[in-house]
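Enquirer: If you scroll down you'll find the structure; I have some questions about it.
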Amino acid sequence: MSVQPDPPSPCRSICKFESWIDKSVPPSEDDICVGCFRTKHEIRMWRRFTREEKLKVIERLENEKKYANL
């Protein structure tokens with residue numbers, strides 16, 4: 001059985017959060033990066049996440065992109 005590599009980080013090196021742009025949005029762990037659309041929690045934990053957890057994040061991001069393009 002071969003070990004599959006981890007998926008790459010979805011980071012786009014933009015790193016701005018909703019709460020930084022819109023002061024009416026309170027900062028939280030659920031604050032979304034406007035570059036990669038991950039939460040602060042997901043960004044902080046990325047290196048510690050298992051491959052499966054990373055794939056779940058990427059799947060959520062892909063689903064949100066599809067919804068946003070409707």
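Enquirer: Give me the percent relative contact order of the chain, please, defined on Cα pairs under 8 angstrom at least 6 residues apart.
Expert: 27
Enquirer: Now for a separate question. Counting only protein heavy atoms, what percent of the accessible surface of region 17-70 is carbon or sulfur at a 1.4 Å probe?
Expert: About 55 percent, which is the carbon plus sulfur part of the accessible surface.
Enquirer: Treat each spin label as a single point 7 Å out from the Cα along the C-beta direction, and report the Leu61 to Ile14 distance in nm.
Expert: About 1.1 nm separates the two model spin labels.
Enquirer: If I take R0 = 22 Å and measure r between the Cβ atoms of Val3 and Met45 in this structure, what FRET efficiency does the formula 1/(1 + (r/R0)^6) give, to the nearest 0.05?
Expert: 0.60
Enquirer: Within the chain, which is the longest segment that contains none of the trypsin sites (Lys or Arg not before Pro) sitting in a DSSP loop with at most 13 other Cβ atoms within 10 Å?
Expert: My reading of the result: 24-46 is the longest stretch.
Enquirer: Could you state the accessible area per residue of the chain in Å², with a 1.4 Å probe and every protein chain left in place?
Expert: For the chain, the per-residue accessible area is 80 Å².
Enquirer: Note down the net charge around Thr50, summing +1 for each Lys or Arg and -1 for each Asp or Glu among other residues with Cβ under 10 Å from its Cβ.
Expert: In short, +1.
Enquirer: Additional query: Taking Rh as the Kirkwood radius computed over C-alpha pairs, what is the Stokes-Einstein D of the chain at 37 °C in a medium of viscosity 0.692 mPa s, expressed in µm² per second?
Expert: Approximately 249 µm²/s, per Stokes-Einstein.
Enquirer: How far is helix 51-68 tilted off the main Cα axis of the chain, in degrees rounded to 10, range 0 to 90?
Expert: The angle comes out at about 50 degrees.
The values are calculated or read from the model by the stated rules, or taken from the named source; none is laboratory data. Computed from a predicted structure; not experimentally measured. Counting neighbours? That spans all protein chains shown, and the Cβs are built from the backbone with ideal geometry, glycine included. For accessibility, only protein heavy atoms count, side chains too; no ligands or nucleic acids. Shrake-Rupley method; radii C 1.70, N 1.55, O 1.52, S 1.80 Å.
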